[in-house]
Amino acid sequence: MLDYDVIIIGAGVTGSAIARELARYSLRTAVVEKEEDVCSGTSKANSAIVHAGFDAVPGTWKAKLNVEGNRMMERLSQDLDFPFKRNGSMVLCFSEEEKPGLEKLLERGKTNGVEGLQIITGDEAREMEPSLSDEVVYALHAPTGGIVCPFGLTIALAENAAENGVEFLFNRSVDRIENTGEGYAVHTSKGDLSAKYVVNAAGVYADRIHNMVSENKIKIIPRRGEYVLMDKEAGGLVSHTIFQLPGKLGKGVLVTPTVHGNLLVGPNAVDLDDKENTATTAEGLDEIRQKALKSVKGIPYHLTITSFAGLRAHEENDDFIIGEAEDAEGFFDAAGIESPGLSCAPALGKYAAEMIAAKAGADKKPDFKGTRKGFIRAAELDPEERGKLIREKPEYGNIICRCENISEGEIRDAIRRTPGAVSLDGIKRRVRQGMGRCQAGFCTPKAMNILAEELHVDIHTICKNREGSEFLKG
Amino acid sequence: MLYHDIVIIGGGPAGLAAAAAAKEAGISDILILERDEMLGGILNQCIHNGFGLHTFKEELTGPEYAQRYIDRVLEEKISYRLHSMVIDISRDRQVTYINREEGLVRLQAGAVILAMGCRERPRGALNIPGYRPAGIYSAGTAQRLMNIEGYMVGKEVVVLGSGDIGLIMARRMTLEGAVVKVVAELMPYSGGLKRNIVQCLDDYGIPLKLSHTVVDIHGKERVTGVTIAQVGADRKPVPGTEEYYSCDTLLLSCGLIPENELSRQAGLEMDRVTSGPVVGDDLETSVEGVFACGNVLHVHDLVDYVSEEAARAGRQAARFVREPRKKEEKQDALLKGENGVRYTIPQHLNVECMDEQTVVRFRVDNIYRNKSIVVYFDGKEAVRRKKRILAPGEMEQIILKKSAFSSCPDVKEIRICLED
């Protein structure tokens, strides 16, 4: 007997979305992840944007799934209780000559089914966004554009999948996949697993996974993007997500508020060979800082709290690869998921799950629970509710992270959930401990102690993220 | 609503000294709110000696220095709450805090003393490119892990920034068996005290590289090394000067920032240079009855000066409780730092109400030799004092006597500057 009906490789937003949708069916599903937690690759370091859907070439997967994913996001954010905001977006152009570029996007958007798109003048744009550059001549306004917490979305999907029976197996990298006739043997760093169907949602590693079973080789290029994140004090500079006209390598540098109220600037785009290279560079950070100033005046870079880099999983032919591999029955790809992958995730999860369920002839489970309760944000409660919460659960009265006002209760909740945090980055992504302006200077020792206590391990084994990132040494 | 004459936010050296002084000035109903698990603040992790030379004329460790004040607070039966985080201060001095036992409490204060201290500038704010592995600590975080929790954070260390905590930690880690390879400082001078450079680096043969900074951090999981380069006059790295240092730990000691979230929430007028509130000679902020002292006001070099300043805030808060006085009654002279003087504390002074003398503290923006600190009252020279050396790492002070104003009681501007 096979261990599972379906093994999904990769616990990013795509793998988690597929897992959550597959959980609707009577299938035994497992998610295998090489890192210690969900949301540890491309899903954790990106623009956190829910695109309206006017960029993608009509007829592509990107075009189809973006608009639908965008439409699904609001309902999903209510069902799964994660932060999402439809703040609207603008694409700027800085000369009369560039206007055809905006018109092309407008046409594409209309074809793709994006609602409410219109081209407005620079003055109209500045009326909505007073900090926009005086050089802006026209802007494409997309009221359906949004921002989301990518951690919140991915973790919510994974938790809801787990609650409906999906297993998550961490710290397992896939070394080899073998077609055994009755299904697939997936050889991992922690032993072999077997399943009838395999789903490849391995992000920048999706080519390696695909090429293990298929002769139709694919290539995923890690395309690095660097970002600068500023303090919440700067978050109000713009309310829309501000793009420039897209270039060859992507959508260009954007300026956006985050759903938590910070200001985010980035990314650039550099193609690399190394699938692990998430290092920022002085040149890259300078580049995005300069380019962003073309869009928005007076970006307060002195309020920078961190900078980071993420890798887009860019596929050579510039579209997602979705569906069963031609020469490997039962092996499904969700590969090349770069921007707008985050926006597409809800729709992609649904399509992929339907495809696999149809292949497997699986029925829907009657007891699927489609909702999930998010983390309590004690600091956002009104004083009376907060006092009541602390009386019932005193650990919510003990503040650990003073910048973001995160209590011991929230940190323990992050660890106790399934899948729960097992590293400090895992706690940070769930409840924002250490995400504030001191960047965990004060709360690191305290959070380490709580984590060691909850996991019943020696504090020397506590990691920032994956194995090898232990905090203590000596 | 619960009421206390004086509520002090923070039970570190500033809060404790303010409480003791307020009590001495006759106010008994005092409450100290401390967010950590014990009184004493950051002094508890400063286990090295060198504290108290001015205050007690002897050399104490941080915990010993703190204990002197804690003992006074206990003897005077001043009440305090631990694990208690203040989440809001209103302009009419309502203070809201939370803790496990009481939940959320709102109380009315006769006067409030802000004594929240400061925090360290994190890596992100320094814009150091490279990976984001484990092993990058602000010096104070590493100090807490070593001295309070009892854990070693690394074996091969590079320190960026020559602030006092970084210098102290270079020595501390060496004593615990780590190899500290180099201390790099962006500026052409150290940000720390001269005595710390001698006692923590020179005595242990740790090189200090001025005008150098970290330009790359290596290591995906844990730090494996850093690249250091020389910087030019524009503080930008000079190509070709890069040097690789293998290490597992990077300590950052690149400046302290007064922790004024509550002050900003309360709408206090802030000083862009100090990142602390604007205060008068009575250490009252722009909000009536709210006083500030210690590192939340401006970053000090020695705790002795924190205690002295906090005691002043305690006395003034006590006076405010006894005889509240309206803001608009005051006609203050404005203090201005110029020509090398980065800021002054206080920022304004009331000649009529001032004590017999007021200590004005400030920092300079560079190293200066054989200069005079000169004070002008409305353009007229009033005080001149020669200094052999002035350095950004050391806080300077000048004393203004009330009697000096007898000929100009209506002075509008007090200018402090450096001259040859």
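Quick notes
- A:Glu226 fulfils the conditions (1) touching a residue at least 40 places away in the same chain (Cβ under 8 Å); (2) assigned to a strand (DSSP E or B); (3) open to solvent by less than 20 Å² (accessible area, probe 1.4 Å); (4) not assigned by TED's automatic domain parsing to the domain that holds A:Asp134 except for a single criterion, (4).
- Only one of the numbered conditions (1) more than 20 Å from the chain's Cα centre (by Cα); (2) within 22 Å of B:Phe320 (Cβ to Cβ) is violated by B:Gly103, and that is (2).
- Residue within region A:201-212 that is at pLDDT 95 or above and in a strand (DSSP E or B) present: no
- If you go through region A:304-318 and pick out every residue that is in a loop (DSSP other than H, G, I, E, B) and touching a Lys or Arg at 6+ places or on another chain (Cβ under 6 Å), you end up with 1.
- Any hit, region A:280-287, residues being part of a loop (DSSP other than H, G, I, E, B), open to solvent by 10 Å² or more (accessible area, probe 1.4 Å) and within 11 Å of chain B (Cβ to nearest Cβ): yes
- Among the numbered conditions (1) in a loop (DSSP other than H, G, I, E, B); (2) over 27 Å from the mean Cα position of the chain (by Cα); (3) more than 12 Å from chain A (Cβ to nearest Cβ), the only one that B:Pro188 does not meet is (2).
- Selection of region B:395-414 for residues being within 19 Å of B:Gln347 (Cα to Cα) and assigned to a loop (DSSP other than H, G, I, E, B) yields B:Met395, B:Cys408, B:Pro409, B:Asp410, B:Val411, B:Lys412.
- Out of A:Glu96, A:Glu127, A:Glu115, sole residue that is farther than 16 Å from A:His51 by Cβ and free of Cβ contacts under 8 Å to residues at least 40 places away in the same chain: A:Glu127
- Residue check for A:Phe375: in contact (Cβ under 8 Å) with a residue 24 or more places away in the chain, surrounded by fewer than 19 Cβ atoms within 10 Å (Cβ to Cβ) and outside any helix (DSSP H, G or I): no
- Scope region A:291-303; condition open to solvent by 30 Å² or more (accessible area, probe 1.4 Å), away from every other protein chain (no Cβ under 14 Å) and not in a loop (DSSP other than H, G, I, E, B); matching residues: A:Lys291, A:Leu293, A:Lys294
- Exactly one residue out of B:Ala318, B:Ala311 is touching a Lys or Arg at 6+ places or on another chain (Cβ under 9 Å), crowded, with 21+ Cβ neighbours inside 10 Å and not in a loop (DSSP other than H, G, I, E, B), and it is B:Ala318.
- Any chance B:Val153 is crowded, with 20+ Cβ neighbours inside 10 Å, under 24 Å from B:Ser246 (Cβ atoms) and within 14 Å of chain A (Cβ to nearest Cβ): yes
- Taking region B:105-145 as the range and being aliphatic (A, V, I, L, M), outside any loop (DSSP other than H, G, I, E, B) and crowded, with 24+ Cβ neighbours inside 10 Å as the test, the residues that pass are B:Ala109, B:Ala111, B:Val112, B:Ile113, B:Leu114, B:Ala134, B:Ile136, B:Ala139, B:Ala142.
- Every residue from region B:206-224 that is assigned to a strand (DSSP E or B) and either within 14 Å of another protein chain (Cβ to nearest Cβ) or not charged (D, E, K, R) (or both): B:Leu208, B:Leu210, B:His212, B:Thr213, B:Val214, B:Val215, B:Asp216, B:Ile217, B:His218, B:Arg222
- Single condition B:Ile47 does not satisfy, out of (1) within 14 Å of chain A (Cβ to nearest Cβ); (2) under 28 Å from A:Pro445 (Cα atoms): (1)
- Residues located in region B:68-87, provided they are in a strand (DSSP E or B) and either modelled with pLDDT under 95 or surrounded by 15 or more Cβ atoms within 10 Å (Cβ to Cβ) (or both): B:Tyr80, B:Arg81, B:Met85, B:Val86, B:Ile87
- Total residues in region B:42-67 satisfying the condition of being among the aliphatic types (A, V, I, L, M) and surrounded by fewer than 16 Cβ atoms within 10 Å (Cβ to Cβ): the figure is 1.
- Of the numbered criteria (1) in contact with a strand residue (DSSP E or B) (Cβ under 7 Å, 6 or more places away or on another chain); (2) surrounded by fewer than 18 Cβ atoms within 10 Å (Cβ to Cβ); (3) not hydrophobic (A, V, I, L, M, F, W, C), the one A:Ser89 fails is (2).
This table checks each residue for (1) of a type in the set (Asp, Glu); (2) within 25 Å of A:Ile299 (Cα to Cα).
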residue	(1), (2)
A:Glu129	yes, yes
A:Ser133	no, yes
A:Leu140	no, yes
A:Pro143	no, yes
A:Pro150	no, yes
A:Ala156	no, no
A:Asn160	no, no
A:Glu163	yes, no
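- Scanning region B:286-308 for residues that are assigned to a helix (DSSP H, G or I) and of a type in the set (Ser, Thr, Tyr) yields B:Tyr305, B:Ser307.
- Tallying residues that are over 24 Å from B:Met173 (Cβ atoms) and assigned to a loop (DSSP other than H, G, I, E, B) within region B:13-37 yields 8.
- Checklist (1) hydrophobic (A, V, I, L, M, F, W, C); (2) open to solvent by 30 Å² or more (accessible area, probe 1.4 Å); (3) not in a loop (DSSP other than H, G, I, E, B) applied to B:Cys353, failing item: (3)
- Counting only residues that are open to solvent by 20 Å² or more (accessible area, probe 1.4 Å) and either within 26 Å of B:Val215 (Cα to Cα) or more than 10 Å from chain A (Cβ to nearest Cβ) (or both), region B:88-104 holds 5 of them.
The values are calculated or read from the model by the stated rules, or taken from the named source; none is laboratory data. The structure displayed is predicted, hence computed values, not measured ones. Ideal geometry is used to build each Cβ from the backbone, glycine not excepted, and the neighbour counts take in all protein chains shown. Accessible surface areas use protein heavy atoms only, side chains included; no ligands, DNA or RNA. Shrake-Rupley method; radii C 1.70, N 1.55, O 1.52, S 1.80 Å.
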